[in-house]
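The values are calculated or read from the model by the stated rules, or taken from the named source; none is laboratory data. Computed from a predicted model, the values in this text were never measured in an experiment. Here Cβ is always computed from backbone atoms with ideal geometry, including for glycine, and neighbour counts include all displayed protein chains. Heavy atoms of the whole protein, side chains included, go into the accessibility calculation; ligands, DNA and RNA do not. Shrake-Rupley method; radii C 1.70, N 1.55, O 1.52, S 1.80 Å.
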Amino acid sequence: TTRPLTVNGDKDSKPDEEYEMEELGKEEATKFRGMAARINFMSVDCPDLQFPSKQPARDISKPKLGSWKMLKKIARYLLSRNAVGWKYEWQDEARCSHTASDSDWGGTAADRKSTSGGIWVIGNHCVKTWCASQGAFALSSAEAEFYAMVGQ
């Protein structure tokens, strides 16, 4: 059994042990790929999974023992959650839409790439959410926020 985790994501994913960089065996790698793909699929309907599912998706080609650690954290987080339900109540024709974005400057210590995330709302209805690594390496938090705002 495993205990639930109440926070998603992993800020300290810099491998601090040599064994975490060791590649998984063929059978374990196949299991990892299946689990990472399933979590990536779930993140389409669960915006809170978009950030933590990013790194396991990157590790699909060559999963390492440290990759299992990330999947276990996500599984522990999922144990503490109920089902996600999207509710779209009837509304008059929307006259405006809103977007909001944010960034995670510097990302993980392993790659230092910032992450942009955001939401697009029309009226009271959420239309789209996203989470993506920024292409450029931001030199400051203001620069990372700017990249998130302009949608690089």
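Criterion first (surrounded by 15 or more Cβ atoms within 10 Å (Cβ to Cβ) and among the charged types (D, E, K, R)) does Glu145 satisfy it?
yes
Looking only at the stretch 28-57, count every residue that is more than 20 Å from Tyr77 (Cα to Cα), at pLDDT below 90 and open to solvent by 40 Å² or more (accessible area, probe 1.4 Å) and tell me the total.
Matching residues across the stretch 28-57 total 1.
Is there a residue being more than 27 Å from Gly118 (Cβ to Cβ), surrounded by fewer than 18 Cβ atoms within 10 Å (Cβ to Cβ) and touching a residue at least 24 places away in the same chain (Cβ under 8 Å) anywhere in the stretch 73-93?
Among the residues of the stretch 73-93, at least one is more than 27 Å from Gly118 (Cβ to Cβ), surrounded by fewer than 18 Cβ atoms within 10 Å (Cβ to Cβ) and touching a residue at least 24 places away in the same chain (Cβ under 8 Å), which makes the answer yes.
Would you mention how many residues in the stretch 102-143 are of a type outside the set (Val, Ile, Thr), out of contact with any strand residue (DSSP E or B) (no Cβ under 7 Å at 6 or more places or on another chain) and modelled with pLDDT under 80?
Qualifying residue count for the region: 15.
Determine which single condition Ser103 fails, assuming it passes every other condition in (1) under 14 Å from the mean Cα position of the chain (by Cα); (2) open to solvent by 80 Å² or more (accessible area, probe 1.4 Å).
The one condition Ser103 does not meet is (2).
Answer yes or no as to whether Gln50 is touching a strand residue (DSSP E or B) at 6+ places or on another chain (Cβ under 9 Å) and closer than 20 Å to Thr115 by Cα.
It is true that Gln50 is touching a strand residue (DSSP E or B) at 6+ places or on another chain (Cβ under 9 Å) and closer than 20 Å to Thr115 by Cα.
Output the number of the condition that Val44 fails; it satisfies all remaining conditions of (1) within 30 Å of Glu22 (Cβ to Cβ); (2) among the hydrophobic types (A, V, I, L, M, F, W, C); (3) within 13 Å of the chain's Cα centre (by Cα).
(1)
Keeping to the stretch 103-148, report how many residues are closer than 23 Å to Asp45 by Cα and either without any contact (Cβ under 8 Å) to a residue 12 or more places away in the chain or assigned to a helix (DSSP H, G or I) (or both).
So the count comes out to 2.
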